[in-house]
Structure formats: structure tokens, C-alpha cells
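One structure is given here, and the rest of the page talks about it.
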Amino acid sequence: MKKTLLSIAALTLLASGAQARTWEAIKQSGTIKIATEGAFPPFNVQKGKALTGFEVELAEALAKQLGLKVQWVVQPFDGLLIGLQQDRFDFVIASHGITPERAKAVDFANPHYCTGGTIVSMKGGPRTAADLKGKVVAVQVGTTYLSGVQKLPGVKPLVFPKDTDAQTALMAGRAAAWVGDKFTGLDLVKAQKGKLQQGDMLFSERIGMAVKKGNSGLLKELNAALAKALANGTYAKISNKYFGQDIRCK
Ligand code: ARG
């Protein structure tokens, strides 16, 4: 808890620092630098050198619409918003929930999907927030899942740098439950054929791309490109490919 508060405070301080690349500068260069984690299937996944996933394809479609080439930067989830403050890339797409705390440090685009944090456990294991009391729950560091379970009395979070490692901890019996994304949970339950169950949704969230605080020119272009993709079928096509449904916010 203390650590989360500290790092957000540091971010807010950094937000007043150096200048981000303006939309004009990005456009002139012809290439946009986009950061993601690459370890959060099915949203952003790195396989060898190839990046795939719903957010990767969506971001590439948006860049194409804006007439730009893409340069991807892949780095751990925990440092993504900080890297934005340090002007290491132009925007981040890594399934960040739009929270008031994060919105103090960065600016969010309109949401590109709506989802929630859900509980997954072995069959017969905890299914509700109340069931989690006294239990070890595996979660990824720096996420809304961690802050979500920290709000539940008596829950013991077991924190991992990567969400996939938190899932492994559940499978290995080191945690009684995993709390993570609703759609990731669906895939996990399916992949483990009959071993797991998906329990309650602890909270819902809207997910958005982030730009450096104050970079309103770029934000406007991203929102316009997203609106176009939502309207012209581009979004629906990519969403259906990964989820068999349209996961836009309704
Ligand atoms: N939606 C959650 C959050 O806002 C998890 C995001 C995790 N993203 C990732 N690329 N690992 O914190």
C-alpha cells in the first residue's frame, strides 16, 4: 500500500518535468513510439520477437489511421507510466484501468474496452470476496487487482512482477486464488480444462491508453482515431478475433 502511494506521488512530481513530443513533432517524424508490456495475454503478448494481442493490433490500426509507422517499446508493466513521464515513448497501451490516482500522473484517452477484476480458483476454492478472507491471493504488481484485494480485510496478497506468474502460483497451489482480468480469467479457465472456476467480479473498470500529462494534441488524435475505429468496423473485427465478442464500453 505504502509503496503504491509513494510511486504515484513520484509520478505526479515527474509529470511537471520535461516536454513530451507534440502531435506535430510525431507527425513530422512519421513514426509513433508506443509502449506495452508484452506479457498480458490476450491483450499484449510478446512471442519471440513478435508482438501480438488485441491492444497491439488495435494500436497498430490507430497508427495506420493516423498515417504513422509504429516503433514498439516493450518493458515491465510497473515502469510503463514512469517511462511516459521520462519521454521514452509517446503513449502506453497496456490495459491500464482509468483510476483517479493514475489520472493525477498521466492523461487517459477514451476507454478502448470495459472489463473487471475477477477471482479465479481451483474448483471448490474461493469464489466471493468474503471467501477470500484469510487466503493468499496471487496478483500482479502495480495493478488495480492488487489495490482491489488490499481493500479486502484479511486477504494476503502474493505479488508477482508478471500476471502470468501470478497465474502459475495459483496452479502450483501457492495461492488459493488469482485475481485478474475478466477476459484473461475466461481464457485461463478454458485452458485448464475443468480444474479451475471463475468466481465473482470484485470491481469493474474502464481501460484506456495513456499519454504524458498535458499532451492534449496527441490525446485528441488518439481519441479521434479510436472513435473512427469503433465506428468503421476496425475495432469490432479485432475484438472478435481475440474474444469472439465486441468488448467496447457500452
Ligand atoms: N487492468 C489492470 C490495471 O489497470 C491490469 C493491467 C495489467 N496490464 C498489463 N499489461 N500487465 O491495473
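Determine which member of the set GLU55, GLU60 is within 28 Å of ASN240 (Cβ to Cβ) and open to solvent by less than 30 Å² (accessible area, probe 1.4 Å).
Result of the check over GLU55, GLU60: GLU55.
Would you be able to tell me the number of residues in the range 74-96 that are among the β-branched types (Val, Ile, Thr), assigned to a loop (DSSP other than H, G, I, E, B) and surrounded by fewer than 18 Cβ atoms within 10 Å (Cβ to Cβ)?
The total comes to 0.
Has the range 21-35 got any residue that is open to solvent by 10 Å² or more (accessible area, probe 1.4 Å), in contact with an Asp or Glu (Cβ under 7 Å, 6 or more places away or on another chain) and free of Cβ contacts under 8 Å to residues at least 40 places away in the same chain?
Scanning the range 21-35, I find no residue that is open to solvent by 10 Å² or more (accessible area, probe 1.4 Å), in contact with an Asp or Glu (Cβ under 7 Å, 6 or more places away or on another chain) and free of Cβ contacts under 8 Å to residues at least 40 places away in the same chain, so the answer is no.
Quick one: in the range 109-141, of everything that is among the hydrophobic types (A, V, I, L, M, F, W, C) and open to solvent by less than 10 Å² (accessible area, probe 1.4 Å), which residue is farthest from the ligand (Cβ to nearest atom)?
LEU132
Could you go through the range 142-155 and let me know if any residue there is more than 28 Å from ILE238 (Cβ to Cβ), in contact with a Gly (Cβ under 8 Å, 6 or more places away or on another chain) and surrounded by fewer than 17 Cβ atoms within 10 Å (Cβ to Cβ).
yes
So, ALA169, is that one of a type outside the set (D, E, K, R), in contact (Cβ under 8 Å) with a residue 24 or more places away in the chain, more than 12 Å from the ligand (Cβ to nearest atom) and out of contact with any Ser or Thr (no Cβ under 8 Å at 6 or more places or on another chain) or not?
yes
Testing GLY233 on (1) small (Gly, Ala, Ser); (2) free of Cβ contacts under 8 Å to residues at least 12 places away in the same chain; (3) outside the structural domain of PHE89 (by the TED database), one condition comes back false. Which one is that?
Answer for GLY233: the failing condition is (3).
Given the range 133-197, what strands (runs of 3 or more DSSP E) lie entirely inside it while holding 1 or more residues that are assigned by the TED database to the domain that holds ILE119 and more than 22 Å from the chain's Cα centre (by Cα)?
136-140, 156-160
Condition (residue is away from the ligand (no atom under 13 Å from the Cβ), open to solvent by 30 Å² or more (accessible area, probe 1.4 Å) and outside the structural domain of GLY148 (by the TED database)) applied to the range 97-108: is it met by at least one residue?
There is at least one residue in the range 97-108 that is away from the ligand (no atom under 13 Å from the Cβ), open to solvent by 30 Å² or more (accessible area, probe 1.4 Å) and outside the structural domain of GLY148 (by the TED database).
Would you mention how many residues in the range 241-250 are loosely packed, with under 13 Cβ neighbours inside 10 Å and in a helix (DSSP H, G or I)?
The number of residues fulfilling the criteria is 1.
Which of (1) closer than 19 Å to GLN150 by Cβ; (2) in contact (Cβ under 8 Å) with a residue 60 or more places away in the chain; (3) open to solvent by less than 50 Å² (accessible area, probe 1.4 Å) does ALA176 not meet, given it meets every other one?
Here ALA176 meets the rest and fails (2).
The values are calculated or read from the model by the stated rules, or taken from the named source; none is laboratory data. No experiment lies behind these values; they were computed from the predicted model shown. FYI the Cβ positions are ideal-geometry reconstructions off the backbone, even for glycines, and counts take in every protein chain you see. Note: accessible area is taken over every heavy atom of the protein model, side chains too, but ligands, DNA and RNA are not part of it. Shrake-Rupley method; radii C 1.70, N 1.55, O 1.52, S 1.80 Å.
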